[in-house]
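Down below is the structure, laid out as C-alpha coordinates.
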Amino acid sequence: MLVALLALFVALGGPAQAARVVRGVTATLARGSVTSKQVRDHSLHVSDLSRKTVRRLQRTPRGSVTESRLHSGAVTPGKLAKGAVRSTAIADRAVRGGDIGLGAVGSLEVADNSLTGADVADGGLNASDIGRFWGHFTISIPTVAAYKCWHGDPVGLAAERSNSDIAGDVITITPGRMWPDDANSAGTGSALAFTAHVSTTPSRFTIIACNPTGTAIPAVATSVPFNYIIVDVP
(Lines give C-alpha, C1' and ligand atoms only; values in the text may rest on other atoms or scores of the structure.)
Protein backbone atom coordinates (compact mmCIF):
# COMPACT_ATOMS: atom_id res chain seq x y z
CA MET A 1 0.00 0.00 0.00
CA LEU A 2 2.82 2.39 0.99
CA VAL A 3 4.69 1.66 -2.22
CA ALA A 4 1.54 2.28 -4.28
CA LEU A 5 1.01 5.67 -2.59
CA LEU A 6 4.61 6.69 -3.20
CA ALA A 7 4.29 5.75 -6.85
CA LEU A 8 1.11 7.83 -7.12
CA PHE A 9 2.68 10.92 -5.53
CA VAL A 10 5.77 10.63 -7.69
CA ALA A 11 3.55 10.49 -10.73
CA LEU A 12 1.44 13.48 -9.58
CA GLY A 13 3.90 15.72 -7.80
CA GLY A 14 7.36 14.55 -8.75
CA PRO A 15 10.41 13.56 -6.60
CA ALA A 16 10.14 16.56 -4.25
CA GLN A 17 6.68 15.57 -3.19
CA ALA A 18 7.80 11.95 -2.72
CA ALA A 19 10.69 13.04 -0.47
CA ARG A 20 8.31 14.94 1.81
CA VAL A 21 6.13 11.87 2.09
CA VAL A 22 9.14 9.66 2.99
CA ARG A 23 10.24 12.12 5.70
CA GLY A 24 6.77 12.08 7.13
CA VAL A 25 6.67 8.31 7.18
CA THR A 26 10.10 8.19 8.88
CA ALA A 27 8.92 10.55 11.58
CA THR A 28 5.99 8.28 12.37
CA LEU A 29 8.13 5.11 12.78
CA ALA A 30 8.06 3.74 16.32
CA ARG A 31 11.41 3.65 18.19
CA GLY A 32 13.06 0.28 17.64
CA SER A 33 10.66 -0.78 14.89
CA VAL A 34 13.41 -0.84 12.24
CA THR A 35 15.67 -3.84 12.77
CA SER A 36 18.71 -5.12 10.91
CA LYS A 37 16.40 -7.09 8.64
CA GLN A 38 15.04 -3.86 7.17
CA VAL A 39 18.50 -2.26 6.76
CA ARG A 40 20.39 -3.04 3.59
CA ASP A 41 23.80 -4.64 4.15
CA HIS A 42 26.72 -2.17 4.02
CA SER A 43 24.35 0.77 3.65
CA LEU A 44 25.22 2.46 7.00
CA HIS A 45 28.13 4.90 7.39
CA VAL A 46 30.05 6.22 10.39
CA SER A 47 27.92 9.35 10.33
CA ASP A 48 24.83 7.17 10.93
CA LEU A 49 26.25 5.92 14.25
CA SER A 50 26.40 7.69 17.59
CA ARG A 51 29.80 8.81 18.92
CA LYS A 52 29.49 6.40 21.82
CA THR A 53 28.95 3.51 19.41
CA VAL A 54 31.93 4.56 17.29
CA ARG A 55 34.22 4.67 20.34
CA ARG A 56 33.00 1.26 21.45
CA LEU A 57 33.68 -0.25 18.04
CA GLN A 58 37.19 1.23 17.98
CA ARG A 59 38.08 -0.25 21.38
CA THR A 60 40.00 -3.57 21.34
CA PRO A 61 37.99 -6.18 23.28
CA ARG A 62 39.79 -7.63 26.29
CA GLY A 63 41.56 -10.87 25.44
CA SER A 64 41.00 -10.50 21.69
CA VAL A 65 44.71 -10.10 20.84
CA THR A 66 46.28 -13.54 21.15
CA GLU A 67 49.86 -14.68 20.57
CA SER A 68 49.06 -15.82 17.03
CA ARG A 69 48.04 -12.24 16.12
CA LEU A 70 51.37 -10.69 17.17
CA HIS A 71 54.27 -10.32 14.78
CA SER A 72 57.65 -11.60 15.97
CA GLY A 73 59.46 -8.80 17.78
CA ALA A 74 56.35 -6.60 17.92
CA VAL A 75 56.23 -6.52 21.74
CA THR A 76 59.11 -4.42 23.13
CA PRO A 77 59.96 -3.60 26.78
CA GLY A 78 58.18 -0.25 26.45
CA LYS A 79 54.89 -2.04 25.77
CA LEU A 80 55.07 -4.16 28.92
CA ALA A 81 53.73 -2.95 32.25
CA LYS A 82 56.20 -2.91 35.13
CA GLY A 83 56.14 -6.31 36.83
CA ALA A 84 53.97 -7.82 34.07
CA VAL A 85 56.48 -10.55 33.18
CA ARG A 86 56.92 -12.98 36.08
CA SER A 87 58.92 -16.17 36.44
CA THR A 88 55.91 -18.27 35.39
CA ALA A 89 55.92 -16.48 32.01
CA ILE A 90 59.59 -17.27 31.31
CA ALA A 91 60.67 -20.64 29.99
CA ASP A 92 63.26 -22.54 32.01
CA ARG A 93 66.81 -21.54 31.01
CA ALA A 94 65.43 -18.95 28.58
CA VAL A 95 67.11 -15.95 30.25
CA ARG A 96 70.81 -15.55 29.51
CA GLY A 97 73.45 -13.10 30.69
CA GLY A 98 72.77 -10.71 27.81
CA ASP A 99 69.10 -10.46 28.82
CA ILE A 100 69.86 -9.16 32.32
CA GLY A 101 70.54 -5.49 32.94
CA LEU A 102 73.82 -4.45 34.59
CA GLY A 103 73.29 -4.46 38.34
CA ALA A 104 69.79 -5.97 38.03
CA VAL A 105 70.67 -9.07 40.04
CA GLY A 106 71.68 -8.43 43.64
CA SER A 107 72.14 -10.60 46.69
CA LEU A 108 68.36 -10.71 47.26
CA GLU A 109 67.84 -12.36 43.86
CA VAL A 110 70.44 -15.09 44.48
CA ALA A 111 69.44 -18.04 46.64
CA ASP A 112 71.69 -18.92 49.57
CA ASN A 113 74.35 -21.51 48.67
CA SER A 114 73.28 -21.45 45.00
CA LEU A 115 76.63 -20.22 43.64
CA THR A 116 79.81 -22.27 43.45
CA GLY A 117 83.33 -21.56 42.27
CA ALA A 118 82.28 -22.54 38.75
CA ASP A 119 79.88 -19.56 38.69
CA VAL A 120 82.61 -17.02 39.50
CA ALA A 121 84.95 -15.85 36.74
CA ASP A 122 88.64 -16.45 37.45
CA GLY A 123 90.07 -13.27 38.91
CA GLY A 124 86.57 -11.82 39.22
CA LEU A 125 86.66 -11.27 42.99
CA ASN A 126 88.63 -8.61 44.81
CA ALA A 127 89.03 -7.53 48.45
CA SER A 128 85.68 -5.74 48.48
CA ASP A 129 83.90 -8.98 47.50
CA ILE A 130 85.31 -11.13 50.30
CA GLY A 131 86.59 -8.81 53.02
CA ARG A 132 84.79 -7.10 55.84
CA PHE A 133 87.55 -4.47 55.92
CA TRP A 134 90.61 -4.00 53.73
CA GLY A 135 93.18 -1.38 52.86
CA HIS A 136 96.76 -0.17 53.27
CA PHE A 137 98.87 1.34 56.04
CA THR A 138 102.53 2.08 56.84
CA ILE A 139 104.57 1.54 60.01
CA SER A 140 108.02 2.79 61.03
CA ILE A 141 110.11 -0.09 62.39
CA PRO A 142 112.59 1.00 65.09
CA THR A 143 115.85 -0.72 66.06
CA VAL A 144 115.15 -4.22 67.35
CA ALA A 145 117.68 -5.59 69.88
CA ALA A 146 119.14 -9.09 69.60
CA TYR A 147 116.64 -11.82 70.38
CA LYS A 148 113.96 -9.22 71.08
CA CYS A 149 110.62 -8.35 69.51
CA TRP A 150 108.91 -5.07 68.76
CA HIS A 151 105.15 -4.72 68.41
CA GLY A 152 102.72 -1.93 67.57
CA ASP A 153 99.11 -1.35 66.50
CA PRO A 154 98.20 0.52 63.31
CA VAL A 155 95.65 3.14 64.35
CA GLY A 156 92.77 4.81 62.54
CA LEU A 157 92.03 1.95 60.13
CA ALA A 158 88.51 1.18 58.83
CA ALA A 159 87.58 -1.26 61.59
CA GLU A 160 88.56 1.21 64.30
CA ARG A 161 86.78 4.11 62.60
CA SER A 162 83.56 2.07 62.53
CA ASN A 163 84.14 0.85 66.11
CA SER A 164 83.85 -2.79 64.95
CA ASP A 165 84.98 -5.82 66.92
CA ILE A 166 87.34 -7.90 64.76
CA ALA A 167 88.60 -10.18 67.54
CA GLY A 168 86.94 -13.24 65.98
CA ASP A 169 87.78 -12.45 62.34
CA VAL A 170 90.51 -13.75 60.05
CA ILE A 171 93.18 -11.07 59.57
CA THR A 172 95.66 -11.36 56.70
CA ILE A 173 98.53 -8.87 56.51
CA THR A 174 101.38 -8.74 54.00
CA PRO A 175 104.37 -6.39 54.40
CA GLY A 176 105.78 -4.53 51.43
CA ARG A 177 109.24 -4.96 49.92
CA MET A 178 110.75 -2.56 52.48
CA TRP A 179 110.47 -5.22 55.21
CA PRO A 180 114.01 -6.11 56.37
CA ASP A 181 114.59 -9.75 55.47
CA ASP A 182 118.04 -9.71 53.85
CA ALA A 183 119.82 -12.17 56.16
CA ASN A 184 122.84 -13.88 54.67
CA SER A 185 123.62 -17.61 54.60
CA ALA A 186 125.40 -17.37 57.96
CA GLY A 187 122.19 -16.18 59.58
CA THR A 188 123.38 -12.67 60.18
CA GLY A 189 122.18 -9.36 58.76
CA SER A 190 118.91 -7.44 58.87
CA ALA A 191 116.30 -10.18 59.07
CA LEU A 192 113.14 -9.58 61.07
CA ALA A 193 110.50 -12.27 61.52
CA PHE A 194 107.00 -10.95 60.93
CA THR A 195 103.72 -11.98 62.52
CA ALA A 196 100.44 -10.38 63.62
CA HIS A 197 97.55 -11.08 65.95
CA VAL A 198 94.41 -9.47 67.33
CA SER A 199 95.12 -6.50 69.56
CA THR A 200 93.93 -5.99 73.13
CA THR A 201 91.80 -3.26 71.52
CA PRO A 202 88.97 -5.21 69.77
CA SER A 203 88.94 -2.95 66.70
CA ARG A 204 92.71 -3.23 66.02
CA PHE A 205 95.38 -5.79 65.24
CA THR A 206 99.02 -5.90 66.36
CA ILE A 207 102.11 -6.07 64.13
CA ILE A 208 105.09 -7.97 65.63
CA ALA A 209 108.71 -7.79 64.40
CA CYS A 210 111.15 -10.20 66.09
CA ASN A 211 114.93 -10.31 65.79
CA PRO A 212 116.10 -13.96 65.87
CA THR A 213 119.76 -13.00 65.53
CA GLY A 214 122.39 -12.13 68.10
CA THR A 215 122.94 -8.70 66.59
CA ALA A 216 120.66 -5.68 66.89
CA ILE A 217 118.85 -4.81 63.65
CA PRO A 218 118.85 -1.07 63.05
CA ALA A 219 115.68 0.90 62.37
CA VAL A 220 114.31 0.74 58.85
CA ALA A 221 115.15 3.98 57.04
CA THR A 222 111.64 4.50 55.65
CA SER A 223 108.15 3.45 56.72
CA VAL A 224 107.17 -0.06 55.65
CA PRO A 225 103.93 -0.35 53.63
CA PHE A 226 101.42 -3.10 54.40
CA ASN A 227 98.27 -4.49 52.78
CA TYR A 228 95.57 -6.07 54.92
CA ILE A 229 92.17 -7.73 54.66
CA ILE A 230 89.82 -8.73 57.46
CA VAL A 231 87.31 -11.51 56.69
CA ASP A 232 84.27 -12.06 58.85
CA VAL A 233 83.92 -15.51 60.43
CA PRO A 234 80.26 -16.35 61.12
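Each residue, ALA121 and TYR147, gets one label point 7 Å from its Cα in the Cβ direction; the gap between the two is 5.6 nm. When the surface is traced with a 1.4 Å probe over the full set of protein chains, HIS136 keeps roughly 140 Å² accessible. Placing a pseudo-label 7 Å from each Cα along the Cα-to-Cβ vector at GLU109 and ARG177 gives an inter-label distance of 4.3 nm.
Rolling a 1.4 Å probe over the protein heavy atoms leaves VAL34 with an accessible area of roughly 80 Å².
Here's the picture: a label point sits 7 Å out from the Cα of HIS136 along the beta-carbon direction, and within segment 164-183 the residues with their amide nitrogen under 15 Å of it are 174-179.
Between THR222 and ASP92, the contour length at 0.36 nm per residue exceeds the Cα-Cα span by 40.8 nm.
The values are calculated or read from the model by the stated rules, or taken from the named source; none is laboratory data. Only a predicted model underlies this, so the values are computations on that prediction, with no experimental measurement involved. Glycine also receives a Cβ, built like all others from the backbone with ideal geometry; neighbour counts cover every protein chain displayed. The area values use the complete protein model at the heavy-atom level, side chains included, leaving out ligands, DNA and RNA. Shrake-Rupley method; radii C 1.70, N 1.55, O 1.52, S 1.80 Å.
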